[in-house]
Structures are given as structure tokens and as C-alpha cells.
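Following: one structure in C-alpha cells, then a few remarks.
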Amino acid sequence: MDGSRIADIIEIEQLLARYAAGMTMDDVEAVLAVFAPDGTYSAFGERYGVGDFPELMAAAPKGVFSVSTPAIEFDGQDAATGVQPLCFVAQTDHSMRIGYYTDSYRRTADGWRLQTRAMTFLRRNGSRDSGRPHDPRRPVPGGKSAG
């Protein structure tokens with residue numbers, strides 16, 4: 001690992017820690033702050049922009065987002081990609097969802113930010129997918145109603 005990137009790695013790790021803490025505490029503003037203004041989140045067969053997050057988080061189950069240290073690869077001075085394993089435990093019944101995020105990061109005037117974040121769920125049957133797109137309670141991108 002290139003030792004000159006240690007400050008960048010720490011900044012990205014803290015960015016992702018703020019995402020997990022914001023999701024766990026249901027703090028929409030904290031989650032929005034980790035994304036680039038044109039950043040996106042992909043899951044459930046959809047790609048959501050940052051403007052979709054308030055409605056998306058309101059529809060999401062509440063619980064703890066436990067993440068591990070991301071594996072980060074740099075692409076030049078101002079871009080990077082990474083993978084971060086996740087274990088979500090629902091607050092109401094302690095059921096779990098496991099998987100990983102595949103990310104891209106961009107250095108902005110405000111520091112490193114998530115440019116893209118895509119969720120992959122690991123299923124009991126051994127399959128991997130981006131989530132079930134049919135939940136009528138889940139919002140669709142752009143603020144349109146799903147159901």
C-alpha cells in the first residue's frame with residue numbers, strides 16, 4: 001500500500017463510518033452529507049439520487065448497520081473504488097441482512113464523498129442480488145409512488 005494515501009484512506013473510512021452511523025441513528029442529513037451532490041445509491045432494481053434519500057430512509061426498516069473496513073483502490077488523485085461488507089440487524093425482531101456495498105468515491109471541494117453505492121445481498125440459498133424490486137412500500141426514484 002502506498003503510504004502517501006493514508007490520509008485519504010482514513011478520510012474515506014470515516015466517511016463510510018458516518019454513513020453507517022447515520023443509517024443506524026435514522027439521521028437523513030448525516031447520510032446525505034456523505035454523498036457527492038450528484039451521487040447515487042443502487043438497490044432493489046433501482047438507482048436513487050440523493051434527493052430520494054429522505055423517502056427511501058423513511059420506508060427502510062430501522063436497526064443497526066454494522067460495517068467492516070472497506071477495501072479501497074485508488075484511480076488517480078481524486079477517484080477511488082471500494083467494497084465494504086455489511087451486516088444489518090433489524091431493531092424490531094433482530095433479523096439480519098448481510099451483504100456488501102460496491103462503491104466509487106470522488107474527492108470534492110468538501111473532501112472525499114460517495115459517488116455511487118450499490119448494495120448486494122447475500123442470500124441463504126447462496127445467491128447474490130441487489131434486493132427485491134417488488135415491495136410496494138419502497139419509493140421509486142424521483143419521488144414517484146411505487147404502489
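The values are calculated or read from the model by the stated rules, or taken from the named source; none is laboratory data. Fair warning: this is a prediction, and the values are worked out from it, not measured in the lab. Heads up, the Cβs are rebuilt from the backbone with ideal geometry, glycines too, and the neighbour counts pull from every protein chain shown.
List every residue pair whose Cβ atoms lie under 8 Å apart, where the two residues are 6 or more positions apart in sequence or sit on different chains, the first residue falls within the stretch 24-39 and is within 11 Å of Phe53 (Cβ to Cβ) and at pLDDT 95 or above, and the second residue, located anywhere, is in a strand (DSSP E or B) and hydroxyl-bearing (Ser, Thr, Tyr).
Phe35/Tyr41; Gly39/Thr116
Collect the residues in the stretch 64-110 that are among the polar types (S, T, N, Q) and either within 17 Å of Gly131 (Cβ to Cβ) or touching a residue at least 40 places away in the same chain (Cβ under 8 Å) (or both), keeping them in residue-number order.
Within the stretch 64-110, Ser66, Thr69, Gln84, Ser95, Thr102, Thr108 meet the criteria.
When you look at Tyr100, is it within 20 Å of Phe44 (Cα to Cα), in a strand (DSSP E or B) and in contact with a Leu (Cβ under 7 Å, 6 or more places away or on another chain), yes or no?
yes
I'm trying to understand the selection: among the residues of the stretch 30-64, which are under 13 Å from the mean Cα position of the chain (by Cα), part of a strand (DSSP E or B) and surrounded by 19 or more Cβ atoms within 10 Å (Cβ to Cβ)?
Across the stretch 30-64, the qualifying residues are Phe35, Gly39, Thr40, Tyr41, Ala43, Tyr48.
Table: residues versus (1) among the small types (Gly, Ala, Ser); (2) within 10 Å of the chain's Cα centre (by Cα); (3) at pLDDT 95 or above.
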{"residue": "Leu86", "(1), (2), (3)": "no, yes, yes"}
{"residue": "Val89", "(1), (2), (3)": "no, no, yes"}
{"residue": "His94", "(1), (2), (3)": "no, no, yes"}
{"residue": "Arg106", "(1), (2), (3)": "no, no, yes"}
{"residue": "Arg113", "(1), (2), (3)": "no, no, yes"}
{"residue": "Thr116", "(1), (2), (3)": "no, yes, yes"}
{"residue": "Thr120", "(1), (2), (3)": "no, no, no"}
{"residue": "Asn125", "(1), (2), (3)": "no, no, no"}
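For the stretch 65-79, what are the residues that are outside any loop (DSSP other than H, G, I, E, B) and more than 15 Å from the chain's Cα centre (by Cα)?
Glu73, Phe74, Ala79
For the subset of the stretch 65-116 comprising residues that are charged (D, E, K, R) and in contact with a helix residue (DSSP H, G or I) (Cβ under 9 Å, 6 or more places away or on another chain), which member is surrounded by the most Cβ atoms within 10 Å (Cβ to Cβ)?
Asp103
Answer with yes or no whether Met119 is out of contact with any strand residue (DSSP E or B) (no Cβ under 8 Å at 6 or more places or on another chain) and either surrounded by 14 or more Cβ atoms within 10 Å (Cβ to Cβ) or part of a strand (DSSP E or B) (or both).
No; evaluated as a whole, the condition is false for this residue.
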